[in-house]
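The values are calculated or read from the model by the stated rules, or taken from the named source; none is laboratory data. Everything numeric in this text was worked out from a predicted model, so none of it was measured. Because the Cβ atoms are built from the backbone with ideal geometry, glycine has one as well, and the counts that use them run over all protein chains shown. Heavy atoms of the whole protein, side chains included, go into the accessibility calculation; ligands, DNA and RNA do not. Shrake-Rupley method; radii C 1.70, N 1.55, O 1.52, S 1.80 Å.
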Amino acid sequence: MNVEVKEYIKAIDGGILSPKGFMAEGIHAGLRYSHNDLGIIYSEVPAAAAAVYTLNAYQAAPIQVTKESIAKNGLLQAVVVNSACANACTGERGLKDAETMRASVADKLGLSPYDVAVASTGVIGQFLEIDKITAGIEKIELIKEKSGAEGFEKAILTTDTCTKKCAFEATIDGVAVTMGGAAKGSGMIHPNMATMLGFVTTDANIEQKSLERALRKVTDVSFNQITVDGDTSTNDMVLVMANGEAGNEPLSEDHPDWPMFLALLKETCECLAKKIARDGEGATKLVEVQVNGAETDQEAKAIAKTVIASNLVKTAVYGADANWGRIVGAMGSSNIPFNQERVSISFGPIEVLHHGTPVIFDEEKAREYLLGNDVQIFIQLADGLGTGKAWGCDLTYDYVKINASYRT
């Protein structure tokens, strides 16, 4: 991925409705006591679509239905999402309910059912209140205004403390291309997709198979590099719709501006991924682990994942304790070989280990750094040119409180 093009990508104030040709809205359909719980994104024209899904062995009914829709012809025009109920582990009835959601949106918008994707999030093992959902679908009035995006962003939340959105612009093939995103996720977050949903819209014109490959490549360095608690979910999905309204020539890997599109997608997905990690249940700070000098990028990413997933590292960060021994302990459990005598570790600008030898450092300055809202842990190896990043959060008392009473 060409990182040099990143400087040509501009962050803008927006989200899923920033690209041309999209509408959205979210409402309270009665699935929760209050707050929005049902939302729709709609493209005015058929959009090339791609998605990645949880690797959990249990895959919820909405995922099965969405896979079927995209497999039909690689196009979508709408996605419907509910919160409060995951519609997971619900058997034949759950599958029929997901199909009913799809059919209801298709009827409302005059589409084929295969033009519609379905996503759900919430409690596992409970049936949908499908009558409330179908009634809610009829009530939704899709709009292009910012409030429509905000309504959708709120509708997909569960234990999240805030909505998660972003938008970026870049010039591709001589025209302005915009990409926006919305996501939810706070707990059950671990590398290889987990309970998180991400939705990306763009007005770029791109070949469907190329979009699919781009999403898989970018997911590997964004959503698959975050963790909150080590648990994966049954419903995780990241879905991209590209409707071509920007008017550029069709993009594929052979297009000279392909690196720019790839960077635009990476910037969007990484932004959403970091927002999810920052909002981990009970979290007080975003933690980034950056590994350089591994033999390969894959090995660097694996080490970064292992460190960010360590409960001992996470609790040390929460306690503002520069206990670098927990980092090397996590590195050693990654099953990745490295030269231990050349390892260097820093908390932000404060080096604590240099070429395998402890460094005398100012404990109070290290504590002051770790008390900040953003913590970076740098790991320097001497085995190659591989680099990798992972994001997570600290582990606090509130995480236990939130999850001990999740259903109540």
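Scanning region 32-45 for residues that are out of contact with any helix residue (DSSP H, G or I) (no Cβ under 6 Å at 6 or more places or on another chain), open to solvent by 30 Å² or more (accessible area, probe 1.4 Å) and either closer than 22 Å to Glu138 by Cβ or not hydrophobic (A, V, I, L, M, F, W, C) (or both) turns up Arg32, Tyr33, Ser34, His35, Tyr42, Glu44.
Return yes when Gln376 is open to solvent by 80 Å² or more (accessible area, probe 1.4 Å), at pLDDT 95 or above and within 24 Å of Gly293 (Cα to Cα) and no when it is not. Before you say what the answer is, go through the steps one by one.
Details: open to solvent by 80 Å² or more (accessible area, probe 1.4 Å): no; at pLDDT 95 or above: yes; within 24 Å of Gly293 (Cα to Cα): yes.
Spelling it out, it is not the case that Gln376 is open to solvent by 80 Å² or more (accessible area, probe 1.4 Å), at pLDDT 95 or above and within 24 Å of Gly293 (Cα to Cα).
Would you pick out the residues in region 1-29 that are in a helix (DSSP H, G or I) and either modelled with pLDDT of 95 or more or closer than 23 Å to Gln225 by Cα (or both)? Please lay out each step first, then the result.
Of the residues in region 1-29, the ones in a helix (DSSP H, G or I) are 3-8.
Result: Val3, Glu4, Val5, Lys6, Glu7.
Exactly one residue among Ile70, Ile63 is under 20 Å from Ser233 (Cα atoms) and either under 22 Å from the mean Cα position of the chain (by Cα) or not hydrophobic (A, V, I, L, M, F, W, C) (or both), and that residue is Ile63. Given the condition surrounded by fewer than 19 Cβ atoms within 10 Å (Cβ to Cβ) and of a type in the set (A, V, I, L, M, F, W, C), answer yes or no: does some residue in region 245-258 qualify? Looking for residues that are surrounded by fewer than 19 Cβ atoms within 10 Å (Cβ to Cβ) and of a type in the set (A, V, I, L, M, F, W, C), one finds at least one in region 245-258, hence yes.
Only one of the listed residues (Glu212, Glu249) is under 25 Å from Leu75 (Cβ atoms), touching a residue at least 60 places away in the same chain (Cβ under 8 Å) and part of a loop (DSSP other than H, G, I, E, B). That residue is Glu249. Out of the residues in region 351-373 that are under 24 Å from Ile226 (Cβ atoms) and of a type in the set (A, V, I, L, M), state the one that is most open to solvent (accessible area, probe 1.4 Å). The residue in question is Leu371. When we screen Thr178, Thr163, Thr219, Thr195 for residues that are modelled with pLDDT under 90 and either within 17 Å of the chain's Cα centre (by Cα) or open to solvent by less than 50 Å² (accessible area, probe 1.4 Å) (or both), the only hit is Thr195.
Just give me the residues in region 265-283 being under 30 Å from Gln64 (Cβ atoms) and of a type outside the set (D, E, K, R), in sequence order.
Start the filter on region 265-283 by keeping residues that are under 30 Å from Gln64 (Cβ atoms), which leaves 265-266, 268-277, 279-281.
Once the filter is applied, which keeps residues that are under 30 Å from Gln64 (Cβ atoms) and of a type outside the set (D, E, K, R), region 265-283 yields Leu265, Thr268, Cys269, Cys271, Leu272, Ala273, Ile276, Ala277, Gly280.
Note on region 30-139: enclosed helices (runs of 4 or more DSSP H) holding 2 or more residues that are under 28 Å from Ala214 (Cα atoms) are 61-73, 91-109. Please enumerate the residues belonging to region 16-25 that are touching a Phe, Trp or Tyr at 6+ places or on another chain (Cβ under 6 Å) and either open to solvent by 10 Å² or more (accessible area, probe 1.4 Å) or charged (D, E, K, R) (or both). The answer is Met23, and nothing else.
Restricting region 56-81 to residues that are hydroxyl-bearing (Ser, Thr, Tyr) and modelled with pLDDT of 95 or more, which is farthest from Ile156 (Cα to Cα)?
Result: Ser69.
Gly392 falls short of the stated requirement of being modelled with pLDDT of 95 or more, of a type in the set (Gly, Ala, Ser) and in contact with a helix residue (DSSP H, G or I) (Cβ under 6 Å, 6 or more places away or on another chain).
Considering Lys146, Lys108, Lys154, the condition of being crowded, with 16+ Cβ neighbours inside 10 Å and over 15 Å from Asp37 (Cβ atoms) is satisfied by Lys108 alone.
Filtering Ala48, Ala60, Ala78 for residues that are touching a helix residue (DSSP H, G or I) at 6+ places or on another chain (Cβ under 9 Å), of a type outside the set (Asp, Glu) and closer than 20 Å to Ile27 by Cα leaves a single hit, Ala78.
Is it the case that some residue within region 198-210 is touching a Gly at 6+ places or on another chain (Cβ under 8 Å), among the aliphatic types (A, V, I, L, M) and closer than 15 Å to Asp236 by Cα?
Taking region 198-210 as the starting set, the residues that turn out to be touching a Gly at 6+ places or on another chain (Cβ under 8 Å) are 198-206, 208-209.
Applying the additional criterion that residues be among the aliphatic types (A, V, I, L, M) yields 200, 204, 206.
So of that shortlist, the ones also closer than 15 Å to Asp236 by Cα come out as 200.
Among the residues of region 198-210, at least one is touching a Gly at 6+ places or on another chain (Cβ under 8 Å), among the aliphatic types (A, V, I, L, M) and closer than 15 Å to Asp236 by Cα, which makes the answer yes.
Does at least one position in region 397-404 carry a residue that is surrounded by 18 or more Cβ atoms within 10 Å (Cβ to Cβ), under 26 Å from the mean Cα position of the chain (by Cα) and under 27 Å from Cys269 (Cα atoms)? Yes - at least one qualifying residue is present in region 397-404.
Of all residues in region 38-60, which are touching a residue at least 40 places away in the same chain (Cβ under 8 Å) and out of contact with any strand residue (DSSP E or B) (no Cβ under 6 Å at 6 or more places or on another chain)?
Glu44, Val45, Thr54, Leu55, Asn56, Tyr58, Gln59, Ala60, listed by residue number.
Testing Ala283 on (1) open to solvent by 20 Å² or more (accessible area, probe 1.4 Å); (2) modelled with pLDDT of 95 or more; (3) in contact with an Asp or Glu (Cβ under 7 Å, 6 or more places away or on another chain), one condition comes back false. Which one is that? Evaluating Ala283 over (1) open to solvent by 20 Å² or more (accessible area, probe 1.4 Å); (2) modelled with pLDDT of 95 or more; (3) in contact with an Asp or Glu (Cβ under 7 Å, 6 or more places away or on another chain) leaves (2) as the failure.
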